[in-house]
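Just passing along the structure, written as structure tokens.
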Amino acid sequence: MILSEMPVIEVKNLSHTYLPGTPLEVVSLKNVNLQLFKNETVGIIGPAGSGKSTLLHHLNGLLRPMHGDVQIKGISVSGWSGDIRVMRQKIGLVFQNPENQLFKQYAGDDVAFGPRNMNLSQKEVRKRVRNAMKMVGLPFSYKDRLTAGLSLGEKRRLALAGVLAMEPQVLVLDEPTASLDPEGRRELLGILSGWRSEGEKAIVIASHNMEDIVDLSSRVYVLVSGKILLHGATREVFSHYDLLVQNSLSVPAAAEVVFKLARRGYSVSTDVLNIEEAAREIKGLFHA
Amino acid sequence: MPAYALQGIDLVINKGEYVAVVGANGSGKTTLLRHLNALLIPTMGDVLISEWNTRDSLHIRDIRSTVGMVFQAPDTQIIATVVEEDVAFGPENLGVPENELQDRIDWALEAVGLEDLRKRPSNLLSAGQKQLLAIASTLSMKPRCLVLDEATSMLDPASRLRFINIVGRLHQQGITIVTATHNMDEAAIAQRIIVLSEGRISTQGGASAVFAQDKLLKDLKLDLPSTVMLANKIRKYLNDFPCDALTVPELVNTVVLYLGQKRGSIK
Amino acid sequence: MPEKSEFELFVKLSIGQYMPTGSVIHRLDPRVKLLLGILLIGACISSSSLIALMVLFLAVILGLLLTRVRLRLAFTALRHMIIFLLVLALIQVFAVPQLREGAVVIWHRSIFKVTDRSIISGILLVLRFAVIVLGLSLFSFSTSTTELMHGIEHLLRPFQKIRFPAHELALTVNISIRFLPILIGEAEWLMKAQASRGADFGRGKRNFIRRIRKTLPLFVPLFIISLKHAQNLIEAMESRCYMGGEGRTHLIRLHAELRDYFAFFLSIAVVSAALFLSFAHIDKAVWRWISAQF
């Protein structure tokens, strides 16, 4: 992983209060610091209500920082004088269950919505739609299919294509594999890896699914009650099993088996993230 | 696209069983479950709940109070604005006498651990609590069977665990459970697993037996539970490692026992 | 949809916010509050006397004070309507001259005439609105939607004997109100999602048709979502054996207490006094008395 000097996105001491000044006031983010560099995938994990979505909405300028700052390529969001939509084109935010935002009758038109809003030429729009659909594995002929007739997995990919068609440099995803069946999940993760491998792109992914995070991210931030509890390399973060469990989080199931064995006194290394590594460690027990 | 959402399903679910129905999206899980409480009537064939046929409109109430259903989306299965009133909705519809209502509500709320929230506005519950409320609101009708249609798929892991534990407890108290899920770790705790594919039953049987058919599951694009995958991986190194552990604690125990065996035999 | 939907839109609605303070008004039977609400609106509309409306106004303020909710919150709703009210009032003053019964023309230019009557009309209009809006706030601060539903249902229950769908109606109202914040949250989610794709929701573009088209990314999905919600609700209700209001038993039964009767009759007295003042042309009498002093 090559870290360029300036982060693509930098969040500095960000705080956010929800419904300030009313009896329902709640602090949703407190002094959050986060960095995203080119060519990396960063994961954000946290229990329900920890503020993950609020944090993500700051990354493309949907929410302006109440306290602290968010900088995109060194330019502060607070002082953004131009059309904010430029930022939203560079940072593509994919919401949870994004298939709920589809509204055009024909699938292709929905993918074209983003590029059309960018006032691109007809030819360019068509090209982008074609590329985006290809990236998500939907045949271009699907453009004439009725949106309502697509399956959940297809709709999810269509919604993703709609964001990819804007050719963002950063993808921010909120629970991308929620409600998908195992096949759908595998496809989606494959699409994300494939996208990131081309060019200087970066991904931020917030998820409950620890296997997703482990599969994709090189660094992880743990958000609990609006504060960053822990952050670092994926391996490093997931080695804090007790801390994670205390905060209603977990580690991938295979790693959990190894942790529990270590707890019972067996000499296994807890530096384990997936099934391969867990199997190796357990095998190692038998060669003593 | 198949002509029928379901085809040639022959299925018996016995009293007190814990059955999981798994399959890819579009395999017919939801359609199948909707037949169990007469929300859907078969195009061909019959569905019998206890002694009643779901086509018999005279007994719809009996059927639906015997087989309770909990759905996937937390918000849209809550009817009332206050927790205890939602739990009361079912029995009120059945005409349960008013002096009995309160007892039923108390019992149902305690069974799911929400007794302290009885007067809470239902909108203010977390998603996990809402799903538990959905169970309580079904329990208050005193069903013999609980059908869960992907009831945990919108929950975060902590809430999901709590939900599954409560369902397990209800099963131990004698309620038949039928749950549709595509979370294999969840399916692993069922006594019997039914695998659906394109509207047909591909295979069924005890959890271990079903998960042993890894080629079939792979063809159907389904996963194995992480514990089974790990055990299979270990087996590659240690040929006789048992592959029947289904949950994390079980696998840990298997390793410990196996290690004990091996060490014992070295002596 | 995110678990914690953001009600940033919701803050602007100051009517319809239930503020539980446990005051005496909160503890009144919702049927009483409903009936009095209707009575208040009726009295407002039928009063054409400034003094009568002042009486009603003071009564509502007193009620609001009794709820122990900050008075300022009740006036917030009014504040949001102030432009609308002023426009209406100005129309009343300038364009509806009320030329009967010896009205004195105060100002005249082309088709616009201002008479003393039209000024009074304008003031009456503003007052009526204020009383009704404050009355609504009084009601919604002190009555949860649950109580509202029980109130409606209990009041309409006698009509169930003649096949009037009281429970169905009450349930419809209840579910609609319950889903309002949910839908608002989803609308907000949609605005954010579509904004992230570069949508702009018709910022001041002159073309009306174009502006409508710009709201489609919001309304089409919202509509689809609402239909899905409806379908899910139907399945849930059927699964719990809902077959209409007939034959149902009820967990909640409302019981009127002494304070409810007291509040009811007191309010009737006040409203009657106001109506009496109005019909007895008290305004004229007071005006005559004041003019006689100078």
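State which residue is nearest to B:ALA38 (Cα to Cα) when the search covers only region C:212-244 and only residues that are polar (S, T, N, Q) and facing chain B (nearest Cβ under 7 Å).
C:SER239
The rows are residues; the columns are (1) at positive phi; (2) in a loop (DSSP other than H, G, I, E, B).
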| site | (1), (2) |
| --- | --- |
| B:PRO143 | no, yes |
| B:LEU148 | no, no |
| B:ARG160 | no, no |
| B:GLY174 | yes, yes |
| B:VAL195 | no, no |
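Then there is this: Are any residues in region B:86-100 over 23 Å from the mean Cα position of the chain (by Cα) and among the acidic types (Asp, Glu), and if so, which ones?
Correct list: B:GLU92, B:GLU98, B:GLU100.
Which residues, taken from region B:132-144, are more than 15 Å from C:ARG240 (Cβ to Cβ) and crowded, with 19+ Cβ neighbours inside 10 Å?
Matches in region B:132-144: B:LEU132 only.
Across region B:171-202, what is the total count of residues that are at pLDDT 95 or above, under 10 Å from the mean Cα position of the chain (by Cα) and among the β-branched types (Val, Ile, Thr)?
4
From the list B:ALA212, B:ALA207, B:ALA158, which one is surrounded by fewer than 23 Cβ atoms within 10 Å (Cβ to Cβ), within 9 Å of chain A (Cβ to nearest Cβ), more than 25 Å from B:LEU101 (Cα to Cα) and at pLDDT below 95?
It is B:ALA158.
Then there is this: Report, ordered by the first and then the second residue, all pairs with beta carbons closer than 9 Å, sequence separation of six or more or different chains, a first member in region B:222-240 that is small (Gly, Ala, Ser), and a second member that is buried (at least 22 other Cβ atoms within 10 Å of the Cβ) and assigned to a helix (DSSP H, G or I).
What qualifies is B:SER226/A:ALA254; B:SER226/A:GLU256; B:SER226/A:VAL257; B:SER226/A:ILE275; B:SER226/B:MET184; B:ALA231/A:ALA279; B:ALA231/B:LEU251.
Exactly one of these conditions fails for B:GLN77: (1) touching an Asp or Glu at 6+ places or on another chain (Cβ under 6 Å); (2) within 9 Å of another protein chain (Cβ to nearest Cβ); (3) polar (S, T, N, Q). Give me its number.
Checking B:GLN77 against (1) touching an Asp or Glu at 6+ places or on another chain (Cβ under 6 Å); (2) within 9 Å of another protein chain (Cβ to nearest Cβ); (3) polar (S, T, N, Q), the one that fails is (1).
Oh, and also: May I ask you to say which residue of B:ASP149, B:ASP103, B:ASP185 is farther than 22 Å from A:GLY49 by Cβ and out of contact with any helix residue (DSSP H, G or I) (no Cβ under 8 Å at 6 or more places or on another chain)?
Step by step, each of B:ASP149, B:ASP103, B:ASP185 is checked, and only B:ASP103 is farther than 22 Å from A:GLY49 by Cβ and out of contact with any helix residue (DSSP H, G or I) (no Cβ under 8 Å at 6 or more places or on another chain).
Checking A:SER218 against (1) within 12 Å of chain B (Cβ to nearest Cβ); (2) over 23 Å from B:ALA158 (Cβ atoms); (3) among the hydroxyl-bearing types (Ser, Thr, Tyr), which single condition isn't satisfied?
A:SER218 satisfies every listed condition except (1).
Residues that are surrounded by fewer than 22 Cβ atoms within 10 Å (Cβ to Cβ), at least 1 per element: which helices (runs of 4 or more DSSP H) completely within region B:1-109 meet that?
Output list reads B:29-35, B:60-66.
Are any residues in region B:111-125 over 14 Å from B:GLN77 (Cα atoms) and touching a helix residue (DSSP H, G or I) at 6+ places or on another chain (Cβ under 8 Å), and if so, which ones? Write out each step before concluding.
Applying the first criterion (over 14 Å from B:GLN77 (Cα atoms)) to region B:111-125 yields B:111-121, B:124.
Across region B:111-125, the qualifying residues are B:ALA111, B:VAL112, B:GLY113, B:LEU114, B:GLU115, B:LEU117, B:ARG118, B:LYS119, B:ARG120, B:PRO121.
Which condition does C:ARG128 not pass, out of (1) away from chain A (no Cβ under 14 Å); (2) basic (Lys, Arg); (3) not in a helix (DSSP H, G or I), if it passes all the others?
It is condition (3) that C:ARG128 fails.
Taking only region A:225-243 into account, find how many residues are over 24 Å from A:HIS16 (Cβ atoms) and either at pLDDT below 90 or crowded, with 18+ Cβ neighbours inside 10 Å (or both).
Within region A:225-243, residues that are over 24 Å from A:HIS16 (Cβ atoms) and either at pLDDT below 90 or crowded, with 18+ Cβ neighbours inside 10 Å (or both) number 5.
So which residues in region C:245-260 are more than 9 Å from chain B (Cβ to nearest Cβ) and out of contact with any helix residue (DSSP H, G or I) (no Cβ under 6 Å at 6 or more places or on another chain)?
Listed by number, the residues that qualify are C:GLU246, C:HIS255, C:ALA256, C:GLU257, C:LEU258, C:ARG259.
Residues of region B:161-180 being within 18 Å of B:LYS130 (Cβ to Cβ) and buried (at least 21 other Cβ atoms within 10 Å of the Cβ), which ones?
Just the residues of region B:161-180 that are within 18 Å of B:LYS130 (Cβ to Cβ), to begin with: B:161-167, B:170, B:179.
B:PHE163, B:VAL167, B:THR179, listed by residue number.
Further, regarding this structure: Just to be sure I understand the filter: pairs with C-beta atoms under 6 Å, separated by 6 or more residues or on different chains, first member in region B:242-261 and without any contact (Cβ under 8 Å) to a residue 24 or more places away in the chain, second member part of a loop (DSSP other than H, G, I, E, B). Which pairs pass?
As it stands, the answer is B:THR254/B:PRO242; B:THR254/B:ALA245, since those pairs meet every condition given.
Going through region B:114-138 one residue at a time, which ones are modelled with pLDDT of 95 or more and not in a helix (DSSP H, G or I)?
The one that is modelled with pLDDT of 95 or more and not in a helix (DSSP H, G or I): B:LEU114.
How about region A:267-279: which of its residues are within 8 Å of chain B (Cβ to nearest Cβ) and surrounded by 16 or more Cβ atoms within 10 Å (Cβ to Cβ)?
If the condition is that a residue be within 8 Å of chain B (Cβ to nearest Cβ) and surrounded by 16 or more Cβ atoms within 10 Å (Cβ to Cβ), then A:ILE275, A:ALA278, A:ALA279 are the ones that fit.
Something else now. Would you be able to tell me the number of residues in region A:165-179 that are within 13 Å of chain B (Cβ to nearest Cβ) and surrounded by fewer than 21 Cβ atoms within 10 Å (Cβ to Cβ)?
2
Something else now. Which of the helices (runs of 4 or more DSSP H) contained wholly in region B:198-267 include at least 3 residues that are among the hydroxyl-bearing types (Ser, Thr, Tyr)? Talk me through it step by step, then tell me what you get.
Values: elements: B:207-212, B:214-219, B:226-237, B:248-266.
Answer list for region B:198-267: B:226-237, B:248-266.
The values are calculated or read from the model by the stated rules, or taken from the named source; none is laboratory data. Just so we're clear, the structure is a prediction, and the values are computed from it rather than from any experiment. Quick reminder, even Gly has a Cβ in these numbers, built from the backbone with ideal geometry, and neighbours come from all protein chains shown.
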